[in-house]
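The values are calculated or read from the model by the stated rules, or taken from the named source; none is laboratory data. These numbers come from a predicted model, not from an experiment. So basically every Cβ, Gly included, is an ideal-geometry build from the backbone, and we count neighbours across all protein chains shown.
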There are 2 protein chains.
Amino acid sequence: MRTLLIVSHPDIIESYSQQYFLNSIKDVEEVTVRHLETIYPNGNINPTEEQRLLKEHDRIIFQFPFYWYSSPPLLKHWQDVVLEEGVTHGPSSTMLKGKEFGLVLMIGVSEREYQAGGSEHFTISELTKPFQALAHKTGMEYLPSLDIFQFAYMEDEQKMDMLIRYWQKLTMENGESLTVRERWLVNKLERSFLQIHESDDQNVIRHAIHILEENQMTIHDLKMVLDQIQHP
Amino acid sequence: MRTLLIVSHPDIIESYSQQYFLNSIKDVEEVTVRHLETIYPNGNINPTEEQRLLKEHDRIIFQFPFYWYSSPPLLKHWQDVVLEEGVTHGPSSTMLKGKEFGLVLMIGVSEREYQAGGSEHFTISELTKPFQALAHKTGMEYLPSLDIFQFAYMEDEQKMDMLIRYWQKLTMENGESLTVRERWLVNKLERSFLQIHESDDQNVIRHAIHILEENQMTIHDLKMVLDQIQHP
C-alpha cells in the first residue's frame, strides 16, 4: 500500500507538532510526503502533477492544523483545482474510486470542548462533514480521522503513543482488530531487524517477533476450539 | 441595521449569478459590499481594516460559490487572519458578540442531491457546521443560510423571487413572520416612492403602501377579537 500525505501549514517551520511527526516518517518509503506551501510558494498548483500522484497512491491523507474548523487556504485551493470532474471522479472517471481518504488534524483546543455545551459546540465528526462529502463524491472510503489535540502539552509517553497511531494511520491497513495491529507490528519489526547491525538489538527484535507470532497462533487455536464448542 | 457583505469568488467577472445579485444591490446604502479578490489581488489581507468594518456593522454575510462544500481559499485566509482571539472574540473581547452572521451560497448542484442517498450525501445544514461553529465561537447569531441552487437554470420569475429573498437576507430583520415581511416591504416601497418622479408610478406605490398598512391593521384587529374569544 502506498500513501500520499498532503500536508498544508502556512508556517510549518515554526510548528513543533508538524516537525515532530514529519521527522518521524522521513525514511518510510511507502509514504510520499508533499508539503504544499513548500512545493507551491506562489500558490500555482500543478493539477496534472497532483492528479498523477493521486493515481499512483492507494491512500490519500490530508494533514493540517484545524484552524476555523477547516483546511488552510492552499489545501482548499488544491481541492478546487486538482479534483476535476471527468478526471479524478464522476461517471466517466474512476481514478479515485476505491482508494482510502483520511485526515490528520492538529487541534489547539482540548478534546472535551468538541461537544454540545463545549466551547467548540460540535464534534470533529460533525465539523469534518465537508471532507466526508468529498470522499463520498469521489468514491473514496473515508477513514476515521486522527485527531491530535494539544500535542505540545502531552507527556513524552503520550507523544510516543500518538506517534505509533500516526504511523498506523499512514501505513497500516484499515481496521482496529488485534490481528491487523499485530501483523502491522511484526512487519515493522522485521524491517527494523534488517536495518540494524548491533546483535543485541537484533536479538531483542527477533524475540519480539517470535512472541508476537506465537501469540497469533495461540489466538488462532483458541478461536478454533471456541468454534467447535459452539458448533459441535 | 448595517450589513457587511463579504463576497469571495476567484473569477467573479465570469460569474453570471454573482453579477446578477451584486448589480441589484449597488445602490442599497445600508449594505457595504466587499469582494475580497478585487480588494486583495495579492492575498495580503489587512486585518485591522477588516476588523474595523466588522465593528461598524450589525450583520455579517459571507457570499461565495459552494465549491467542495466550503469557502474559496481567500475567504478562509480572511477567517484565519481577521478573526483573532482577544480582538474579535474571546473572554476579553466582545466585538462580534450579538451581531448576526449568515451565508449566501451559490450552488451548482440541485437541492434534492443534498440529502442522504443524493449525490452530495449531506444537507447544507450539515455541510455548513464549520460556519455555525465560527458564529458560536465568536458569539454571533447564525441566520438560516440563503441557498441558491442552479441559479442559471431558473425561470425569470424564479430569479426575481430569489432576488427578493436576497434583499431580505441582506436588509430585513431576522424572522419569517408576516408582520416582519410586510414592514420590510412598506419600508422598501416608501424609499422607491421618494426616488421616482413619474406620478403614475408614485400612485401605484402609494396605493400598495396603503393596502399593506390596511392589511396589517385588519390582521391586528382580527387578532384582538380572537384573543377576546379565547380569554373572555
Legend entry - Yes/no for A:E155 being within 27 Å of the chain's Cα centre (by Cα), acidic (D, E), closer than 29 Å to A:L54 by Cβ and assigned by the TED database to the domain that holds A:F64: no
Inset, instruction - Tell me, yes or no, whether the stretch A:20-31 has at least one residue that is closer than 25 Å to A:Y114 by Cβ and surrounded by fewer than 19 Cβ atoms within 10 Å (Cβ to Cβ). - result: yes
Legend entry - Given (1) at pLDDT 75 or above; (2) over 30 Å from B:V33 (Cα atoms), number of the condition B:M162 does not satisfy: (2)
Legend entry - Number of positions in the stretch A:120-131 that are more than 7 Å from chain B (Cβ to nearest Cβ) and either free of Cβ contacts under 8 Å to residues at least 60 places away in the same chain or in contact with a Pro (Cβ under 8 Å, 6 or more places away or on another chain) (or both): 4
Inset, instruction - Could you pull out the residue among B:I13, B:I124, B:I61, B:I45 that is of a type in the set (V, I, T), surrounded by fewer than 16 Cβ atoms within 10 Å (Cβ to Cβ) and closer than 30 Å to A:G43 by Cα? - result: B:I13
Legend entry - Hey, A:Q202 surrounded by 14 or more Cβ atoms within 10 Å (Cβ to Cβ), outside the structural domain of A:F21 (by the TED database) and either touching a Ser or Thr at 6+ places or on another chain (Cβ under 7 Å) or without any contact (Cβ under 8 Å) to a residue 40 or more places away in the chain (or both) or not: yes
Inset, instruction - Scan the stretch B:142-169 and report the pairs whose first residue is under 28 Å from B:K129 (Cβ atoms) and whose second residue is part of a strand (DSSP E or B) and among the small types (G, A, S), with Cβ atoms within less than 9 Å and a gap of 6+ or a chain change. - result: B:Y142/B:G102; B:L143/B:G102; B:P144/B:G102; B:S145/B:G102; B:L146/B:G102; B:K169/B:G102
Legend entry - Residue among B:E30, B:E14 that alone is out of contact with any Pro (no Cβ under 6 Å at 6 or more places or on another chain), over 18 Å from B:G108 (Cβ atoms), of a type outside the set (V, I, T) and assigned by the TED database to the domain that holds B:M162: B:E30
